[in-house]
Amino acid sequence: MFSELISLESYNIFLMVMAVVALFVFIALYFVEAGYGYLFNPKFGFPVPNKIGWVLMESPVFLAMAALWWLSPAKFEVAPLVLFAIFQTHYFQRSFIFPMLLRGNSKMPFGIVLMGMVFNTLNAVMQGGWIFYYAPEMGYYDGWMSKPYIYIGAAVFLFGFITNLHSDYVIRHLRRPGDTKHYIPKGGMFRFVSSANYFGEFMEWVGFAIASWSWAGVVFAWWTFANLGPRSASLYKRYEKEFGEEFTSLGRKRIIPFIY
């Protein structure tokens with residue numbers, strides 16, 4: 001069905017276009033900060049409550065992947081089902097649990113929400129198209145559970161997922177109720193990088209790319225870094241400006257321990 005609507009050749013062109021667009025996004029975000037969270041900027045649109053914004057932004061990919069999986073003739077094949085479970089684990093947490101855990105009354109610009117919705121929908125096409133349609137038709141995942149990729153990738157994903165959850169927990173508990181001050185997050189992977197939550201998310205999708213051993217997974221991991229790498233640099237500058245030597249003396253990198 002899917003492959004009848006979009007040929008493999010067209011799909012591969014789509015992946016290349018997405019990879020190139022990610023490069024432009026990566027460069028642009030070093031000059032224009034994505035204005036949400038600590039870097040909130042109203043020029044990206046009218047403010048939306050964070051809880052609503054995160055659900056609107058993240059749930060499209062969860063729902064679209066579920067639909068692509070259900071419509072696939074390969075939905076109960078082991079490898080696609082395992083990859084689907086890995087992918088949906090992140091997005092169920094990010095779409096429906098993470099927003100409910102947020103504290104305070106922070107907001108995000110609707111423009112950021114809209115861009116997130118568009119990318120997430122396109123990402124469902126990238127990942128779901130490969131995992132549930134093209135790969136099964138070619139027999140790409142035959143015998144996949146006897147190969148190392150799925151196990152190595154799942155382990156890397158799990159490490160990233162746990163890192164991301166712990167880092168979000170640390171950030172949520174930096175303030176007591178009613179406190180509006182900013183604090184330097186500490187503990188866990190924050191000992192090595194200033195954006196440990198972003199490092200965790202990046203590692204999740206590196207793990208997923210290994211587990212799926214696909215160009216679709218690689219493009220998604222690249223998109224994740226193209227978005228979060230520049231943002232981690234912006235946050236690093238904000239920490240430097242606000243906390244000075246108290247922050248710089250910690251010797252942290254931005255997003256990748258010991259490297260960047």
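Please treat every number below as a calculation from the coordinates, not as lab data. Keep in mind the model is a prediction, meaning the values are calculated, not measured. No Cβ is skipped: glycine too gets one built from the backbone with ideal geometry, and neighbour counts run over all protein chains shown.
With both labels modelled 7 Å from their Cα along Cα-to-Cβ, the Asp142 to Ala19 distance reads 2.7 nm.
Between Ile52, Ala216, Tyr169, the Cα set farthest toward the positive side of the dipole of the chain (charges on each charged residue's Cβ, about the Cα centre) is that of Tyr169.
Of the DSSP H helices in the chain, those that are both long (alpha-carbon extent of 15 Å or more along the helix axis) and hydrophobic (Kyte-Doolittle mean at least 1.0) are 8-28, 50-71, 78-92, 110-129. Secondary-structure-derived ellipticity at 222 nm for the chain, considering helices only, amounts to -21000 deg cm²/dmol, per-run term -39500 (n - 2.57) for DSSP H runs with n ≥ 4. P(r) for the chain, from all Cα pairs and a bin width of 10 Å, is 7, 28, 36, 20, 7, 1 %, short bins first. Straight-line reach from Lys75: taking Cα to Cα under 25 Å and skipping same-chain neighbours fewer than 8 places apart, the lysines in range are Lys147. Give the cross-link partners of Lys43 among the lysines, using a straight C-alpha distance below 28 Å as the criterion and excluding same-chain residues fewer than 8 apart. Straight-line reach from Lys43, under 28 Å: Lys51, Lys107, Lys181, Lys237, Lys241. Under a 5 Å amide H cut-off, with hydrogens placed 1.01 Å from N, Val48 pairs with Met108, Phe110 among residues at least 5 apart or on other chains.
Dipole size in debye (nearest 20) for the chain around its Cα centre, Lys and Arg Cβ +1, Asp and Glu Cβ -1?
It comes to approximately 1120 debye.
Spatial offset of the stretch 115-155 relative to the stretch 181-213 amounts to 22 Å, using the alpha carbon center of each.
Between Lys237 and Leu101, residue separation times 0.36 nm minus the direct Cα-Cα distance comes to 46.3 nm. The slack in the chain from Leu114 to Phe76, taken as 0.36 nm per residue of separation less the alpha-carbon distance, amounts to 10.4 nm. Taking 0.36 nm per residue of separation and subtracting the current Cα-Cα distance, fully stretching the chain between Lys186 and Tyr149 would add 10.0 nm. Its Cα centre serving as origin, the stretch 37-144 has a Cβ charge dipole (Lys and Arg +1, Asp and Glu -1) of approximately 640 debye.
Each Lys and Arg adds +1 at its Cβ and each Asp and Glu adds -1 at its Cβ; summed about the Cα centre, the stretch 130-260 shows a dipole of about 560 debye. When the charge dipole of the chain is built from unit charges on Cβ atoms (+1 for Lys and Arg, -1 for Asp and Glu) and taken about the Cα centre, the candidate among Ile112, Ile6, Met65 whose Cα reaches farthest toward its positive end is Ile112. Values of log10 I(q)/I(0) for the stretch 11-155 across q = 0.10 Å⁻¹ run -0.43, by the Debye formula with one identical scatterer at each alpha carbon and no solvent.
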